[in-house]
């Protein structure tokens, strides 16, 4: 494994344990070059669907893009990185459970919005305003009204 600090390829595994209900193996490693420690995760490679973009281009599902989008929406909000990782896992699993070889990017975006709605309402509105390309304040307010109506607040 390539050391993230010095790029050497030689290390030793110090500790290994299962994580996320046995779906992932977490390994602590120590670099032989710089002696620094880092963590790696090993998971089964799943057959994830291709994502069909608005312009009909196809690209592989990218977990990192989902996590980056969640992080951006939750910036400066009280949402832990663990919660974002869990949400990313659930989104990935839902898309996988569809059993489809291709999914529209719209479906991926809707899954992200669903996850954000559960995590943090402000992050949800932030993401929705960009994702749905709000053109005016009325669209923004409609989303907020719908959100407060769904949660029983007025």
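Readers should treat all values here as calculations from the given coordinates under stated rules, not as data from a laboratory. For clarity, every value in this text was computed on a predicted model and none was experimentally measured. Cβ: placed from backbone, ideal geometry, glycine included. Neighbour counts: every protein chain shown.
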On Cα atoms only, tilt of 137-150 relative to the major axis of the chain in degrees: 80 degrees
Gaussian network model of the chain, Cα springs within a sub-10 Å range: biggest mean-square fluctuation belongs to which of 24, 103, 52? 24
Helix 121-131 vs. the chain, principal-axis angle (Cα, 0 to 90°, nearest 10): 80 degrees
Nearest 10, in degrees from 0 to 90: the angle of helix 81-97 to the longest Cα principal axis of the chain is 80 degrees
Quick note on 3, 74, 34, ordering by fewest other C-beta atoms within 10 Å, gives 34, 3, 74
Once the cut-off is 23 Å, how many percent of the Cα-Cα pairs in the range 49-154 end up in the long-distance tail? 30 percent
